[in-house]
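See below for the structure under consideration.
The values are calculated or read from the model by the stated rules, or taken from the named source; none is laboratory data. Since the model is a prediction, treat every value here as computed from it, not as a measurement. Here the Cβ positions follow ideal geometry from the backbone for every residue, glycine too, while neighbour counts run over all protein chains shown.
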Amino acid sequence: MQQNNYQGRLQRPLGTGFTSQSTAAEVINGYDLSGKVAIVTGGSTGIGLETVKVLAQAGATVIVPVRNMEKALKNLGGITNVELHSMDLMDTQSIDAFAERFLETGLPLHILINNAGIMWVPLRRDDRGIESQLATNYLAAFQLTARLWPALKNAGGARVVNVSSYGHQMSPFNFDDPNFIDRDYHTLVGYGQSKTACNLFAMELDKQAQSSNVRAYSLHPGSINGTELGREASMELFKQMGMLDSDGNILPEILSNLKTIPQGAATTIFCATSPLLQNIGGVYCEDGDIAELDLGQFGQQFSNPNSTRGVQLYSLDETNAARLWKWSEQVTGIKFRP
């Protein structure tokens, strides 16, 4: 019988024993991924880079599609089991071309990690008029997953992992005006709806793909020190969120609670490999476990990274998930029927 996580019915921690301090290497310890093939977007920097390294060290063949080949070669060159290919998530033709090249190899795809993303950027649009955070963080993942579906299905057991964020709490998906045509642009809202979309997509994909032995997950990696993700955000925005002092320095109480990059990659690795998730999918995870529903019990503040946890019901809503899937097919021109 098929499961689903509609309205968060499966959002209960498993008691894995992992915490916010667990690292990706600890989560994957003892697993042998020899013979497995993984694709990791955004795998040349930050938690994506750590994800690639850990999967490769466990024996998987890891394919990393990248926009900046020079940077990727610098950061990943020489690592065993890693292949680099060109792809630009803001270019739909580039996504199709990469997927076609991969399908031509005839390889199965056991793990697809939609890790690449941008955060808190100025208003930009792709060639379709899609706001850039929505295009990069969500629609590119929908398109890539759909195009790679034959390889996922042929794996005889595969997982799709969407790296979402606690930032989904900043906004539900705005079906009336997702691209900020008739409303003012607020970068936090744009980021939030793109991550809400990642959660809805993972939940609905898992529901539809179970019969093909493909499971899907979304996750919050945590607040992490040392990534490039917020490089375009203004200092004033960080001050507004209570993360910097008046001189622009990160507050020590925040710095002490940020995750390291190895800790930030842990939940991605958990979703991609843990046997504890063998019979459950469509869930949103954090800190190496399934997250709790946010029913107002956490008292979240962006100035306290330890409080930013839980998942909103609107990002696990059955009606929203079906509506988003239909919208995504219309925008991309792809009929995705797992």
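Of 196, 187, which residue is among the β-branched types (Val, Ile, Thr), touching a Ser or Thr at 6+ places or on another chain (Cβ under 8 Å) and over 21 Å from residue 65 (Cβ atoms)?
Just one listed residue meets the conditions, 196.
What's the number of the condition residue 85 fails, among (1) of a type outside the set (Lys, Arg); (2) closer than 19 Å to residue 160 by Cα; (3) in contact (Cβ under 8 Å) with a residue 12 or more places away in the chain?
Exception for residue 85: condition (2).
Pairs only if they're at least six apart or on different chains, beta carbon under 7 angstrom, first in segment 128-146 and under 16 Å from residue 325 (Cα atoms), second modelled with pLDDT under 95 and not aliphatic (A, V, I, L, M); list them, first residue then second.
Close Cβ pairs satisfying both conditions: 135/126; 137/117.
Limited to segment 71-86, what total is found for residues that are part of a strand (DSSP E or B) and of a type outside the set (S, T, N, Q)?
Residues meeting the conditions: 4.
Can you work out which of the residues in segment 204-235 that are touching a Ser or Thr at 6+ places or on another chain (Cβ under 8 Å) and modelled with pLDDT under 95 is nearest to residue 19 (Cα to Cα)?
Here the answer is 222.
Working only within segment 193-203, note down all residues that are small (Gly, Ala, Ser) and either closer than 17 Å to residue 277 by Cα or modelled with pLDDT under 95 (or both).
The one that is small (Gly, Ala, Ser) and either closer than 17 Å to residue 277 by Cα or modelled with pLDDT under 95 (or both): 202.
Looking at 278, 300, can you tell me which residue is over 30 Å from residue 149 (Cα atoms), more than 19 Å from the chain's Cα centre (by Cα) and at pLDDT below 95?
Numbers: 278 fails: over 30 Å from residue 149 (Cα atoms).
Just one listed residue meets the conditions, 300.
Identify all residues within segment 87-106 that are surrounded by 15 or more Cβ atoms within 10 Å (Cβ to Cβ) and in a loop (DSSP other than H, G, I, E, B); write none if there are none.
87, 88, 89, 90, 91 - these are the residues of segment 87-106 that are surrounded by 15 or more Cβ atoms within 10 Å (Cβ to Cβ) and in a loop (DSSP other than H, G, I, E, B).
Quick grid of which residues meet (1) buried (at least 16 other Cβ atoms within 10 Å of the Cβ); (2) small (Gly, Ala, Ser); (3) over 30 Å from residue 334 (Cβ atoms); (4) at pLDDT 95 or above:
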{"site": "45", "(1), (2), (3), (4)": "yes, no, no, no"}
{"site": "54", "(1), (2), (3), (4)": "yes, no, yes, yes"}
{"site": "78", "(1), (2), (3), (4)": "no, yes, yes, no"}
{"site": "130", "(1), (2), (3), (4)": "yes, no, no, yes"}
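Can you tell me which residue within segment 17-43, out of those that are over 21 Å from residue 143 (Cβ atoms) and in contact with a strand residue (DSSP E or B) (Cβ under 7 Å, 6 or more places away or on another chain), is surrounded by the most Cβ atoms within 10 Å (Cβ to Cβ)?
Checking each candidate, the answer is 36.
Under 9 Å between Cβ atoms, which residue pairs at least 6 apart in sequence (or on different chains) link something in segment 1-26 that is farther than 16 Å from residue 203 by Cα with a partner that is modelled with pLDDT of 95 or more and of a type in the set (Phe, Trp, Tyr)?
Filtered contacts from segment 1-26: 16/270; 18/270; 22/270; 24/270; 26/18.
Return a yes/no flag: does segment 306-314 have any residue that is closer than 27 Å to residue 42 by Cα, polar (S, T, N, Q) and buried (at least 16 other Cβ atoms within 10 Å of the Cβ).
Checked against the condition, which is being closer than 27 Å to residue 42 by Cα, polar (S, T, N, Q) and buried (at least 16 other Cβ atoms within 10 Å of the Cβ), segment 306-314 yields at least one hit.
From the list 140, 151, 155, pick out the single residue that is within 17 Å of the chain's Cα centre (by Cα), small (Gly, Ala, Ser) and modelled with pLDDT of 95 or more. Can you show your working first?
Numbers: 151 fails: within 17 Å of the chain's Cα centre (by Cα); 155 fails: within 17 Å of the chain's Cα centre (by Cα).
Just one listed residue meets the conditions, 140.
Can you find a residue in segment 260-274 that is modelled with pLDDT under 95 and over 30 Å from residue 33 (Cβ atoms)?
No; the residues of segment 260-274 include none that is modelled with pLDDT under 95 and over 30 Å from residue 33 (Cβ atoms).
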